[in-house]
Amino acid sequence: MQTNQLRKGMWAVITGASSGIGESMARQMGAQGMNLLLVARRLDRLEALGAELKEQYQIEYQAIDADLSLAHEAKQVFERATAQGRVVQVLINNAGVGVYGPFQHYDVEQYLKMIQINVTALMELSYHFVGHMRTHGKVSYIGNVGSIASYLSVPYFSVYGATKHFVKEFSEALSYDLKKSNISVTLIAPGGTYSEFTERSGQILKASAHTNMMTSEAVAKIGLQGLFKRRRAIIPGWTNCVAVLFPRFFPAKWMLALNHWVMQRAVSYKKVSS
Ligand SMILES: NC(=O)c1ccc[n+]([C@@H]2O[C@H](COP(=O)([O-])OP(=O)(O)OC[C@H]3O[C@@H](n4cnc5c(N)ncnc54)[C@H](OP(=O)(O)O)[C@@H]3O)[C@@H](O)[C@H]2O)c1
């Protein structure tokens with residue numbers, strides 16, 4: 001039997017499925033016949049996406065509107081996803097936000113929300129779903145979307161980068177904790193990707209930025225391949241793979257200056273509110 005056939009009918013939760021990488025993952029998982037639990041705030045988008053994929057691939061779906069910047073919303077997502085005895089075998093913690101610019105440029109509330117979405121909700125969803133997956137015992141997959149900023153310290157992305165360092169350290173340690181179980185945990189660490197993230201994070205791309213940008217579709221495809229191969233970590237794009245090696249060879253002081261220089265050549269910023 002083809003591996004895609006084995007996944008047919010599996011239920012998968014994808015947070016941040018209303019745009020970008022999460023939407024692309026939903027489309028690709030739908031094409032494999034997987035049933036989808038689509039999570040984000042923009043319910044209209046989730047409903048439209050789910051209905052389209054249902055029509056195209058005869059899958060089942062449920063749109064779950066949730067604001068993961070609110071404490072305890074993650075628990076409600078888990079309860080809605082697993083209601084009526086539904087067995088979930090895939091969790092993709094993809095929802096994430098960032099703001100780019102000097103630290104004092106943004107309100108502290110924006111940073112607190114970012115930490116809630118990128119760190120707390122991701123950990124909380126992982127906690128509840130690991131329990132659920134252990135109980136049902138079927139082969140299961142958790143994919144946590146970090147960033148190449150999980151490996152690099154990037155000035156002007158200080159809080160965002162720190163949240164993505166959490167995603168890496170948490171995912172890798174959890175994958176080891178669970179290595180004797182049926183549950184794999186994969187860190188998916190993209191570099192610059194065309195999506196709504198650029199605009200929402202206050203980044204204005206300069207011409208040089210486009211040389212290393214990937215599409216959401218390509219990132220989703222490579223990420224899902226790594227996820228279903230039960231890889232510990234997957235970094236889409238060879239330039240990104242090279243970039244994350246630099247801190248192994250150069251002192252932190254040099255790396256900070258280099259990352260700042262690279263980012264300033266590629267990106268300027270404007271203030272965004274979220
Ligand atoms: N694009 C890049 O260059 C890049 C690079 C490295 C890593 N990443 C990571 O990739 C992941 C996906 O980002 P993307 O590039 O696809 O950006 P995107 O198009 O902006 O997608 C972000 C998703 O997160 C959801 N989201 C945001 N705030 C939320 C909240 N409070 N509650 C629930 N859902 C929320 C959004 O949905 P709603 O607004 O409808 O809620 C949207 O579906 C993020 O974790 C990001 O950090 C992106």
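Starting from the range 1-109, pick out the trypsin sites (Lys or Arg not before Pro) whose DSSP state is loop and whose Cβ has at most 16 other Cβ atoms within 10 Å.
8, 41, 42, 86
Counting other Cβ atoms within 10 Å, which trypsin sites (Lys or Arg not before Pro) in the range 122-181 have at most 12 and lie in a DSSP loop?
138, 179, 180
Keeping all protein chains in place and using 1.4 angstrom, which order do 170, 103 fall into by accessible surface area, from largest down?
Details: 170 45, 103 115 Å².
I get 103, 170, largest accessible area first.
Given the pairs 75/164; 75/138; 8/229; 180/229; 164/271; 138/180, which are separated by over 18 angstrom at their Cα positions?
Violating the 18 Å Cα-Cα cut-off are 75/164; 75/138; 164/271.
Out of 97, 152, 249, whose Cα points farthest toward the positive end of the dipole of the chain (charges: +1 Lys, Arg; -1 Asp, Glu; placed on Cβ)?
The one lying farthest along the dipole's positive direction is 249.
Leaving out ligands, DNA and RNA but keeping every protein chain, what accessible area does residue 65 have, in Å² rounded to the nearest 10, with a 1.4 Å probe?
70
Roughly what % of DSSP beta bridges within the chain run antiparallel, to the nearest 5?
10
Kindly provide the trypsin sites (Lys or Arg not before Pro) of the range 184-227 that DSSP labels as loop, not H, G, I, E or B, and whose Cβ sees at most 16 other Cβ atoms within 10 Å.
206
Picking from 198, 135, 118, whose Cα lies most toward the positive end of the charge dipole for the range 103-211 (charges on Cβ: Lys, Arg +1; Asp, Glu -1)?
Towards the positive end, the residue furthest out is 135.
For the chain, what is the charge dipole size about the Cα centre, in debye to the nearest 20, if Lys and Arg each add +1 at the Cβ and Asp and Glu each add -1 at the Cβ? Mind showing how you got there, number by number?
Working: 29 positive and 19 negative charges, 180 e Å.
Its charge dipole is roughly 860 debye.
How big is the gap, in Å, between the Cα center of the range 231-274 and the Cα center of the range 182-196?
Cα centroid to Cα centroid, the span is 16 Å.
Subtracting the Cα-Cα distance from 0.36 nm times the residue separation, let me have the gained length for residue 230 to residue 135 in nm, one decimal. Provide the component values of the computation, followed by the final result.
Working: separation 95, 0.36 × 95 = 34.20 nm, distance 1.97 nm.
Extra length from residue 230 to residue 135 when fully extended: 32.2 nm.
Per residue, how many Å² of accessible area does the chain show with a 1.4 Å probe?
Computed with neighbouring chains in place, this is 48 Å² per residue.
Keeping all protein chains in the complex and leaving out DNA, RNA and ligands, what accessible area do you get for residue 111 with a 1.4 Å probe, in Å² to the nearest 10?
Accessible area of residue 111: about 20 Å².
Work out how far the C-alpha atoms of the chain reach from end to end along every principal axis, then list the three figures in whole Å, largest first.
Taking the Cα atoms of the chain, the three principal extents are 51, 38, 32 Å.
With N set to the residue count of the range 1-79, report its C-alpha Rg divided by 2.2 N^0.38 Å to two decimal places.
1.08
The values are calculated or read from the model by the stated rules, or taken from the named source; none is laboratory data. If you're wondering where the values come from, they're calculated on a predicted model, not measured in any experiment. Cβ atoms come from the backbone with ideal geometry, glycine included; neighbour counts cover every protein chain shown. Note: accessible area is taken over every heavy atom of the protein model, side chains too, but ligands, DNA and RNA are not part of it. Shrake-Rupley method; radii C 1.70, N 1.55, O 1.52, S 1.80 Å.
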